[in-house]
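Undergrad: Please find one structure pasted underneath; my questions will follow.
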Amino acid sequence: MWHRTIGSGPRRVVWIGGIHGDESEGITATKHLGEAFVEVSGLCKEVTLIIVEDINPDGRIHKTRGNARGVDLNRNYPAKNYKSGGSRGAKPISEPEAEALYHLLIKSDPHLVLVAHSWGRRKKGPRAFINFDGPAQGLAEEFSHHSKYPVVPSSKMHGTPGSLGSFIGIDKGIPILTIEYERGSDPQRCWEETKEAILAVIDDRNNDEHLIKSADK
Ligand SMILES: [Zn+2]
């Protein structure tokens, strides 16, 4: 798992390019994000951006959701709703990939976490969407405004025990946005559709009204 840090501002944002090995759509966004970030005037002085390429390299190679041991790296965090067993692992952060990400997040203490996933389109429902956990409704709406991806709150989805959203967003109270790209679509198109939205939520300089909205929720 490589990660790199760009910028030196007080606002800390972590981007995670992939968790599920069979959801590779975020790969191009991850490649282009650093360059796009430094092109926004003054942003490097406002934000420290940590880009994590992908936490599941084995899954990426084998095109499996879980890691090489079959554990879902988005169900392996010490959230209050963690459930042991099966694809969730024997205990929280039992997997080295989840443990590495856990330590990176604890150490960097971010103001915002962004994670790229993708989903196979259902008969009903959007082809792609933005989901959030924790105090991130305003940021999700900002993302939606720029990308036209609809906001789908976690309450409208199946429970996700031990997920990153449960741990970081709900338990720790750190805003986390989960981008669900359209599974199997062109990764370049995924990036182009969401570039402006990603940069808008990373750049907090115009987001005061959204923070107020979130607080009122
Ligand atoms: Zn996923």
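What follows is calculated from the coordinates using simple rules that are stated; it is not laboratory data. Just so it is clear, the structure is predicted and the values come from calculations on it, not from any experiment. All Cβ positions, even for glycine, are placed from backbone atoms using ideal geometry, and neighbour counts span all protein chains on display.
Undergrad: Do we find a residue being surrounded by fewer than 19 Cβ atoms within 10 Å (Cβ to Cβ) and within 19 Å of VAL201 (Cβ to Cβ) anywhere in the stretch 92-109? Steps first, please.
TA: Kept after step one, since they are surrounded by fewer than 19 Cβ atoms within 10 Å (Cβ to Cβ), are these residues of the stretch 92-109: 94, 96, 99-100, 103-104, 106-109.
From the residues that got through so far, the ones that are within 19 Å of VAL201 (Cβ to Cβ) too are 108-109.
Yes, some residue in the stretch 92-109 is surrounded by fewer than 19 Cβ atoms within 10 Å (Cβ to Cβ) and within 19 Å of VAL201 (Cβ to Cβ).
Undergrad: What number of residues in the stretch 97-128 are among the aromatic types (Phe, Trp, Tyr) and away from the ligand (no atom under 14 Å from the Cβ)? Give the steps one after another, and end with the answer.
TA: Of all residues in the stretch 97-128, those among the aromatic types (Phe, Trp, Tyr) come to 102, 119.
From the residues that got through so far, the ones that are away from the ligand (no atom under 14 Å from the Cβ) too are 102.
Looking only at that region, the number is 1.
Undergrad: When the residues of the stretch 79-110 are narrowed to those that are within 17 Å of the chain's Cα centre (by Cα) and part of a loop (DSSP other than H, G, I, E, B), which ends up farthest from ASP133 (Cα to Cα)?
TA: ASP109
Undergrad: Among the residues of the stretch 3-19, count how many are more than 9 Å from the chain's Cα centre (by Cα) and under 15 Å from HIS111 (Cβ atoms).
TA: Count: 8.
Here's the yes/no breakdown for (1) closer than 25 Å to ILE198 by Cα; (2) surrounded by 14 or more Cβ atoms within 10 Å (Cβ to Cβ); (3) of a type in the set (Ser, Thr, Tyr):
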| position | (1), (2), (3) |
| --- | --- |
| SER8 | yes, no, yes |
| TRP15 | yes, yes, no |
| THR30 | yes, yes, yes |
| TYR77 | yes, yes, yes |
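Undergrad: Related question: Could you list, in sequence order, all residues of the stretch 130-162 that are within 16 Å of the ligand (Cβ to nearest atom) and closer than 21 Å to ILE51 by Cα?
TA: Passing the criteria: ILE130, ASN131, PHE132, ASP133.
Undergrad: Please work out if GLY162 is at positive phi, assigned to a loop (DSSP other than H, G, I, E, B) and free of Cβ contacts under 8 Å to residues at least 40 places away in the same chain. Even if it seems obvious, please write down each step before you answer.
TA: Details: at positive phi: yes; assigned to a loop (DSSP other than H, G, I, E, B): yes; free of Cβ contacts under 8 Å to residues at least 40 places away in the same chain: no.
It is false that GLY162 is at positive phi, assigned to a loop (DSSP other than H, G, I, E, B) and free of Cβ contacts under 8 Å to residues at least 40 places away in the same chain.
Undergrad: Right, something else. Go through the stretch 1-41 and report how many residues are touching a residue at least 12 places away in the same chain (Cβ under 8 Å) and not in a helix (DSSP H, G or I).
TA: Looking only at that region, the number is 27.
Undergrad: Specify the residue that is farthest from ASP171 (Cα to Cα); the eligible residues are those in the stretch 49-93 that are within 15 Å of the ligand (Cβ to nearest atom) and of a type in the set (D, E, K, R).
TA: LYS63
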